[in-house]
1. Could you please report the charge total around A:LEU26, scoring K, R as +1 and D, E as -1 over all other residues with beta-carbon less than 12 angstrom from its beta-carbon?
2. Taking each residue of B:378-390 in turn, how many C-beta atoms of other protein chains fall within 10 Å of its C-beta, and what is the average?
3. Using a simple charge model, +1 on the beta-carbon of Lys and Arg, -1 on the beta-carbon of Asp and Glu, nothing else, what dipole does the protein assembly as shown show about its Cα centre, in debye to the nearest 20?
4. Shielding of A:126-133 by partners, i.e. mean partner chain Cβ atoms within 10 Å per residue?
5. Helix B:442-452 against the longest principal axis of chain B: what's the angle in degrees, Cα atoms only, rounded to the nearest 10?
6. Can you tell which of B:LEU158, B:VAL18, B:THR119 lies farthest toward the positive end of the dipole of region B:3-191, using +1 and -1 charges on the Cβ of basic and acidic side chains (Lys, Arg; Asp, Glu)?
7. Restrict the search to region B:386-483; then list the trypsin sites (Lys or Arg not before Pro) that DSSP places in a loop and that have at most 14 other Cβ atoms within 10 Å of their Cβ.
8. May I ask you to derive the FRET efficiency for A:ASN150 and B:MET454 from their Cβ-Cβ distance with R0 = 35 Å, giving the value to the nearest 0.05?
Amino acid sequence: MLPNSINMQKGPIQVLLADDDEDDRLLFQDAFKEIKLKTEVQLVYDGVELMEYLSQEGAMKPHVLFLDLNMPRKNGMDCLDEIRLDESLKDIAVVIYSTSASDEDIEETFVRGANVYIRKPNNFNELKKILEKVITINWQYHTSGLNKENFLLSF
Amino acid sequence: MFNKYKPIFNSSFFLSIVFVSALFILIFISGVSYRYTTSLTDSSALMVHSYKIRSELEQLVTILKDAESGHRGFILTRDSLFLHPSLSIREKINKAFTTLRELTKNNFQQQKNLDSLNTLINLRIAILYNTLNISTSGAYNQDQISQSLVRGEQQTMLVREQVNDMIDFELMYLKVHQDLFEHEISLSPLYTLLLLLFSLLVFIFAYFKINKDIKKLKNSNEELSIAYEAINHAEEIGEFSSWQWHLDSNEFKYSDNQYRLLGHEPRSFESSLHKFLEFVHPQDRHILLESGDRIINERVEPTTVFFRVIRKDGQLRYFKSIGKLFTDAGQNKIIIGIHWDITEQHLNRISLEERNKELEQSNAELATFNHIASHDLQEPLRIIQTYISRISEKEIVNMSKTTIGYFGRIQASIERIRILINDLLLYSRTNKGERNFELIDLNVLLENAKVELMQSLEDKNAIVQADPLPQMNVIPFQIQQLFINLIGNSLKFSKAGRYPVIRITCEEVVNKNNNSEVVNTENRYNRISIQDNGIGFDQQYAETIFVLFRRLHMKNDYPGSGIGLSICKKIVENHGGYITARGIPDIGATFDIFLPI
């Protein structure tokens, strides 16, 4: 069980962000640079690129995937479905990373098998805090798929 | 519908009975009269018969007497002229006997009597001629003559007695028969009179009955013609027509207005199915014929069809037709129906449908636009805010005082935009169609709202005092939002130097004069009042504050989008309720939410 072992990971934690917004990617990277955790951040620009990246033979599978919902070509919902259907990708912890936090989106992504839902904060400090929280989370609770109360993570 | 004619059928049945019974009475009376007359005739014939017998008998006596007195005259005078009556005595008596025999041939007793009479008469005649012989012989002997005369007289007496007996018998016979006749016919006149009176009564009764029926018939005829007129006018005004299709005779009749609907003068041509079909749009004729089959075969509910008609002037009209099969009293099958010219409604409906579609589309567009605009506007805003937060963290030491001031203003403005966008998003979500009502404890929703407002409540040292609230069938997230907005409103407009105290009360009220369209319905509501001790407002603005983007205060004094209370109004209306506000400047404001139970 890969997600369970994130916390005990010896090497750097592999983080992948799928987001079409350049600023968001930049801030995301900056935030991880300032977090005192050993992480390796990879970036993809949209859903299609994400699925191509994940399907590469022999590529390093990320431990945590941050997935934006609103993306061109292939949106986050579709990617989530594909990931959860793919046996080789089922261990990836999927964190929905979205501007909106509408009830429908939260409900929908929970049902489709996302592990955590976070809303993009509008303050850099808060961004750092919540990303740190996500990485150091006790994944035991969040992979059971039954914990709806903790699904929406706030800082 | 044919039952209506039943009373008249009854009446004619009654008249038949009257007629038949009167006929029988008359036949009976005729029979009785005939018998009466026959009896009378028989009786008089019998009397004549009896009289003839008696007169013949008397005649016999007279013939004898004539001969006797002739002989006496001759004996006294010796004049042979006196013998003249006795010359043909035998002949005369035989003739009288023949007549008597004939007359009494059916009467055995009288025949016997006649036989004895004959003997007596023959003896008398023998004595008569014996006396004559004595007187004419030379040995005239006075004693002999006297003796013979006395014998003759005695014999005559016997004849007389026999004749009298026979006459008596005849009279008795007559009397017996007369009595019989009398007995037979004595009651007849009374019977006849009574029967005549009875039949007279029956006729009088029948006359009045018929008169009444005729009056009734006349009245219903009048009513019928009035109804007919009314229907004619109604058809003309309502642009419909009625028709009847007699299946047995294949007659197809339609009302006057049918002609008008087809663009013709009433009755300008013979009505028939074929003729009507000529006006129906060629593509729609099968609809009509198929519906006819359906009515005949299935004959359950009235059948409705729609078809097009091309009028005489070439105009295309839309018709609706409803027909149903009926069976009348005579077991005739008739389809009765109505044609309706629904062209106006049809065209209106089409344009309405089109406009509705347009409206739905533009509504959907608006919702999408609203949602996307709010969403997509938030993205760059968030980025700006995040960068600002980075700058204010890292670079603020390098900034001049003025720049820091400007920077603060930028931050405040951006916060305002953010609130505005959030509220707009909320407002559009409140508008959205999906409304999932569920029975929920309002106290829970109030608690959730308080948790949401925790920070502000603490910052302002505010107190919320709430009565226990009921359970209600509501859209939970909307009612929660309602509490958040109203309590938030009270906090925002709290009066400086006074800790905000917000009282929430609830009671059941009955509102009779609500703007309900139904009269006399009691509308039961839960009135939830949220009262604060803030700055209040002038009552003249009680309506205005609920209007979208309307604000009573300067932006800088009390920040806000002007959407909050509009959302409240929307939410309450979504629940079929209404919201009112009462305010006293510097004392406080009260919002009353009326939610229907």
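Read the figures in this text as sums done on the coordinates, not as results from a lab. Fair warning: this is a prediction, and the values are worked out from it, not measured in the lab. We place every Cβ from the backbone using ideal geometry, glycine too, and count neighbours over all the protein chains shown.
1. -3
2. Details: counts 4, 7, 2, 2, 10, 9, 2, 4, 14, 5, 3, 7, 6.
Mean number of neighbouring Cβ atoms from other chains: 6.
3. The calculated dipole for the protein assembly as shown is roughly 2320 debye.
4. Mean inter-chain Cβ contacts per residue within 10 Å come to 1.
5. Helix B:442-452 sits at roughly 20 degrees to that axis.
6. B:VAL18
7. B:LYS432, B:ARG435
8. 0.95
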